[in-house]
Amino acid sequence: MTDDAKGSQTSIDFAEIELARQLFGEHNSNLQKIAKDTDVTINARGNTVFIDGDKIATALAANILNQLYGILKEGFPIHPNDIDFAVRLLSGDDRIKLKEIFLDRVYISSKKSAVTPKSLAQKEYIEAIRTHDIVFGIGPAGTGKTYLAMAMAVSALSRGIVSRIILTRPAVEAGEALGFLPGDLAEKVDPYLRPLYDALHDMMRFEKAANLMQKGIIEVAPIAFMRGRTLNDSFIILDEAQNTTSEQMKMFLTRIGFNSKAVITGDITQIDLPSDRTSGLIETKNILQDISGIRFVFFSKRDVVRHKLVQKIIQAYEELEAAKVKHNSK
């Protein structure tokens, strides 16, 4: 390793040639991606890489490569998206241990062998669901709130921890009443529940999900259907909770019975309720945070695990909203 005022050069030898090949990617595609994202130059000879660039950037790239290699040594494959997550995480905090995040697996009985967190908030969220009976996941779209909750629910069902899964959402958005929509009740509410079906079918085969739903082991219903029930031995997910009213949220939370776990997800920047109605999610955030056994986990745009552009879109809207607030305050 050499250093001077302008830059730094670092070389790293990876002992296991096959793991080094996986780390480098086809035609060194992973190395090229890391080099571009960290603004360094990376060249490979055999199972050795040479990193040139700014001293801080060089150290970052070396840290990323060493930690990803350590994950490969644990038998965990590295995908292109994992490179993005690693760069994002270690650029924000070089003390983060990727193994603690990437190797925290949620095992499900499906075509997907396991689901893993891709950010510190996702790791915190999974831990909260494991250790608390009621968990709120609040943050922008694309941060994995519903998907990870669904994975934890399917995992709990497959291991016999709960006997059923209940998935629910508010069925009235943007002031549109169900009575004015065409079709019978099932047809009226189905479009609102479709995102829950999509997440469920990503976790298990369509035929198995349909069979469990027919038996009542998995139930997908609008939140109004929860009234008057006591939900024992269940894993309950309330999605799009920002569109629940204060009354609906209170009703839902008081349905939870013995040996049950509830996860409530929502984005408080995407409220579709009429302006004169209070969001039940915002109200709970204000009054329930200090209750033992209830956990709130907050996500930000840094936790978005969709297309890279989603982060930029969220950033643009945040800047627009801040500009509006600044203008109105004058």
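The values are calculated or read from the model by the stated rules, or taken from the named source; none is laboratory data. What you see is a predicted model; the values in this text were computed from it and never measured. Cβ sites come from the backbone with ideal geometry, for glycine too, and all protein chains shown count toward neighbours. Keep in mind that these areas ignore ligands, DNA and RNA; they rest on the heavy atoms of the full protein, side chains included. Shrake-Rupley method; radii C 1.70, N 1.55, O 1.52, S 1.80 Å.
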Practice task
Compare 104, 39, 198 by solvent-accessible area with a 1.4 Å probe and give them largest first, with all protein chains kept in place.
Solution key: 39, 198, 104
Handout entry: Length gained when the stretch residue 208-residue 21 is fully extended (0.36 nm per residue, less Cα-Cα span)
Key = 63.5 nm
Exercise for the section: For a label point 7 Å from the Cα of residue 291 along Cα→C-beta, name the residues of region 126-147 whose backbone N is under 13 Å from it. Expected result: 133-136
Completion exercise
In nm, the gap between the two label points placed 7 Å beyond Cα toward Cβ at residue 81 and residue 9 is 3.8 nm
Completion exercise
On the accessible surface of region 58-102, probed at 1.4 Å with all protein chains in place, carbon and sulfur together account for a percent value of 47 percent
Exercise for the section: For region 239-311, restrict the atom set to alpha-carbon positions and state the Rg and Dmax in Å. Expected result: 13.9, 43
Exercise for the section: Grab the Cα-Cα distance for residue 259 and residue 198, subtract it from 0.36 nm times how many residues apart they are, and report the gain in nm with one decimal. Expected result: 19.3 nm
Completion exercise
For region 94-107, Karplus-derived ³J(HN,Hα) couplings (6.51, -1.76, 1.60; θ = phi - 60°; whole Hz; x for glycine and proline) come out as 6, 8, 4, 9, 4, 4, 5, 8, 5, 8, 7, 9, 9, 7
Exercise for the section: Please check the chain for the longest run free of GluC sites (Glu not before Pro) that are loop-located per DSSP (anything but H, G, I, E, B) and have at most 14 other Cβ atoms within 10 Å. Expected result: 177-330
Problem - For the chain, calculated [θ]222 nm from helices alone, where every DSSP H run of n ≥ 4 adds -39500 (n - 2.57) - result: -14000 deg cm²/dmol
Exercise for the section: Leaving ligands, DNA and RNA out of it, work out the accessible area of residue 79 with a 1.4 Å probe and give it in Å² to the nearest 10. Expected result: 100 Å²
Handout entry: Potential lengthening between residue 326 and residue 32 on full extension [0.36 nm per residue; Cα-Cα distance subtracted]
Key = 101.7 nm
Exercise for the section: Taking only protein heavy atoms into account and a 1.4 Å probe, give the accessible area per residue of region 37-177 in Å². Expected result: 41 Å²
Practice task
Could you pull out the trypsin sites (Lys or Arg not before Pro) across region 1-105 that fall in loop regions by DSSP (anything but H, G, I, E, B) with no more than 13 other Cβ atoms inside 10 Å?
Solution key: 6, 95, 97
Fill in the blank from the handout: Out of 276, 82, 93, a Gaussian network model of the chain with alpha-carbon springs under 10 Å gives the largest mean-square fluctuation to 276
Exercise for the section: Taking amide H positions as placed in the peptide plane 1.01 Å from N, state which residues far from residue 262 in sequence (5 or more) or on other chains have amide H under 5 Å from it. Expected result: 134, 135, 236
Handout entry: Kirkwood hydrodynamic radius over Cα pairs of region 35-170, then Stokes diffusion coefficient at 10 °C and 1.306 mPa s, in µm²/s
Key = 94 µm²/s
Exercise for the section: Can you find, among 287, 59, 41, the residue farthest towards the positive end of the dipole of the chain? Put +1 on the C-beta of Lys and Arg, -1 on that of Asp and Glu. Expected result: 287
Fill in the blank from the handout: per DSSP, antiparallel bridges as share of beta bridges in the chain, % nearest 5, sits at 40 percent
